[in-house]
Amino acid sequence: MNIILIEIEALKELLKILEKQHEFLLKSNAITLEGFISKIEDSNKKIAEIEIKRRQITKGRPMREIIEEIGDNDLDKYYREIKKLIEEVRIQKDSNELLIKQGLSFTNRILNILNPSKTPKIYNSYGQLSKK
């Protein structure tokens, strides 16, 4: 059960990092955002190592199966907490990715306005821009 508690703490740590990243994304603080990459990677490695240890202990059997077999309420509670944390991490990650994509799209539009394409606009016989 100790490995499960360690995994819960690691997931909480990752969630905190992602929430902090979200905060900086909203503030559009690009310089600070770069520092989050290594923090997220380190946290993901730590969680992967814990998961490998847990799978070695359970010999690859599904946790739900083990919990039902043992009938331990605490273990079930911790397992549900892990599932909840994983879902929260996924939602936060998706939210951050969406903000990053929106920021990049906005930046690209601004760059296109500031530096328009040098190729002349050519219209075809239908009055549409040709792709030359």
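Scanning the range 99-132 for residues that are of a type in the set (Lys, Arg) and surrounded by 10 or more Cβ atoms within 10 Å (Cβ to Cβ) gives Lys101, Arg109. Screening the range 83-98 for residues that are modelled with pLDDT of 95 or more and surrounded by 14 or more Cβ atoms within 10 Å (Cβ to Cβ) and picking the one that is nearest to Phe36 (Cα to Cα) gives Lys93.
With the condition kept exactly as written, say whether any residue in the range 7-30 is of a type in the set (Gly, Ala, Ser), in a loop (DSSP other than H, G, I, E, B) and within 23 Å of Ser95 (Cα to Cα).
Step one: list which residues in the range 7-30 are of a type in the set (Gly, Ala, Ser), which gives 10, 28, 30.
Narrowing further to those that are in a loop (DSSP other than H, G, I, E, B): 28.
Imposing the further condition that a residue be within 23 Å of Ser95 (Cα to Cα) reduces the set to 28.
Within the range 7-30 (the criterion being of a type in the set (Gly, Ala, Ser), in a loop (DSSP other than H, G, I, E, B) and within 23 Å of Ser95 (Cα to Cα)), the answer is yes, since at least one residue qualifies.
Evaluate the range 21-29: report whether one residue or more is in contact (Cβ under 8 Å) with a residue 24 or more places away in the chain, under 21 Å from Leu99 (Cα atoms), among the polar types (S, T, N, Q) and in contact with a helix residue (DSSP H, G or I) (Cβ under 6 Å, 6 or more places away or on another chain).
There is at least one residue in the range 21-29 that is in contact (Cβ under 8 Å) with a residue 24 or more places away in the chain, under 21 Å from Leu99 (Cα atoms), among the polar types (S, T, N, Q) and in contact with a helix residue (DSSP H, G or I) (Cβ under 6 Å, 6 or more places away or on another chain).
Looking only at residues in the range 25-58 that are of a type in the set (A, V, I, L, M, F, W, C) and closer than 19 Å to Glu9 by Cα, the one that is farthest from the chain's Cα centre (by Cα) is Ile57.
The values are calculated or read from the model by the stated rules, or taken from the named source; none is laboratory data. Because the structure is predicted, anything quoted here is derived from the model rather than measured. Glycine also receives a Cβ, built like all others from the backbone with ideal geometry; neighbour counts cover every protein chain displayed.
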